[in-house]
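Rule-based calculations on the coordinates, nothing more; no lab input. Just so we're clear, the structure is a prediction, and the values are computed from it rather than from any experiment. Please note: Cβ atoms are built from the backbone with ideal geometry, for glycine as well, and neighbour counts cover all protein chains shown.
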Amino acid sequence: MVLRSHAPTPDACCSCSTRVSNERRVTQPSIAHRERCSVDVAGTRHRLSFSHHSIVSPSGFPARPRSQRRGMSAVPAVSSDIVRFQRQPEAPNDTASSSTPVSTDKVGVLLLNLGGPDSLEDVQPFLYNLFADPEIIRLPKPVKFLQPFLAQAISMSRAPKSSEGYKAIGGGSPLRKITEDQAVALEKVLRSKGHDANVYVGMRYWHPYTEEALEQIKRDGVGRLVILPLYPQFSISTSGSSLRLLEQLFKEDSKLQKLKHTVIPSWYQRKGYVNAMVDLMVAELQKFPNKQGVEIFFSAHGVPKSYVEEAGDPYKEEMEECVNLIMTEFKQRGYSNHHTLAYQSRVGPAEWLKPYTDDSIRHLGQSGVKSMLAVPISFVSEHIETLEEIDMEYRELAEESGIKQWGRVPALNTNQAFIDDLAEAVLEALPYVGQLVGPGDALVPMGELETLLEAYDRERRALPSPVVMWEWGWTKSAETWNGRLAMVAIFVILLLEVTTGQSILKNVLDIE
């Protein structure tokens, strides 16, 4: 069975098009470490410390609501695009009456992805969900209450340009359909191998939300769950964000706390994945008249440099190793093309991983490269970053830079070799469900949610923001934010004056 969203679609119910709660309960962190051990990861290159029993209630998790969340009911908010939630008394035996009894043999697979707007009308609400996530924008504690206002302002300002991009690729993101197709294909392969497994789709910022998937998992009585982010390489900003949300959801739900599970955090090193990528590269390379003269151009989604240097994000190292594995297989098939790895989609003035894709394309063009084959290395599904950013923006830039012949390797989507390898990864993980750590040679070890996140953020420090949102001192950033906060403050005061009928601003100015 594949989960389809049971919540009203944005087209059917505009009041549910954005689901963000700003009243989410957050508890203070408390940690109890016992039975500490260390695990070798990828040979002897890394040693990570784990805790068998760690109880952590982290602060700063994304404050996005869940329409299916038990004990919560929708309350209209200021905007029709936002729904707030308030707790209602729980009915006796609510959990037992709404789901099938848990079967320890019932297998579930949860595919995690970012999500994307289904239509142009969904673009602004989708962006709101994105920027309302404290993992994306981190404000100083005294002004955290302003995050929903800032998310609304940023999403409104960015929506027109983003809508143009989605309009150019057909009026919405194809990510949901492709991911659901991948789930159907994966479920079919697993069942053909004798496993009556259900595959579910959980998106981070749009339908079907991760919360909706978990509700369906409970209703189906799944007893063993394999969590599989559809990101080949692990990053704090992608897989990490989804896993943090899952960790909190598990802690808040007594039934989920009993669900045995394991996470496959990254799988870039798998032979089946590498071979599937090389198969696609070789097929596209045949379209060039001079195959050996083609530059193989790997374009990966970028992350802030601070994530790697300050927070220990393994993304850059895993990406470089992934490219090396692919090129090794590529050369074993008789090709000796030169290759480049660059990073795309940077946002804001902060320094991101380099080299940047646009700078690299210009440099290669100036160096005399005339043929280029773009390989979207961190994407397994077509979406706006492949269909619009690479196919349109970067292709146009390549032509302007003197590159005459251009090609692009398609995303894996439902490539059979890729789906077969995902199925093998799931089957290999099943014996380790509920255990501390499973096997593997990736930089991030397989394991349960709490153990995995403990390894990379044991002290629960605030992660650096992807965008430089605040700098102390007399800086351009500080001036910009001072102006923004002043405008927000004035807006709030004027709103209070309109609603209360009192001249709050005059009273403030009259205070001596």
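So here's what we get for this one:
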| item | result |
| --- | --- |
| Extended-chain gain in nm, criterion 0.36 nm per residue less alpha-carbon gap, Asn324 and His338 | 3.8 nm |
| Rough spin-label spacing in nm, given labels placed 7 Å along Cα→Cβ, for Gln416 and Glu317 | 3.8 nm |
| 19 Å Cα-Cα reach of Lys370 towards lysines, excluding residues that sit fewer than 8 places from it in its own chain | Lys287, Lys291, Lys404 |
| Inter-label distance for Ser254 and Lys370, nm, one decimal - labels placed 7 Å from Cα along Cα-to-Cβ | 7.3 nm |
| Positive-end extreme of charge dipole, region 188-301 - chosen from Ala197, Ala213, Ala276 (charges on Cβ) | Ala197 |
| Signed unit charges on C-beta, dipole axis of region 301-426, positive-most listed residue Tyr315, His383, Met372 | Met372 |
| Residues of type lysines that Lys260 reaches as a straight line, Cα spacing below 30 Å, ignoring anything fewer than 8 places off in the same chain | Lys106, Lys177, Lys188, Lys193, Lys218, Lys251, Lys271 |
| GluC sites (Glu not before Pro) within region 286-366: DSSP coil, no more than 16 neighbouring Cβ in 10 Å | Glu351 |
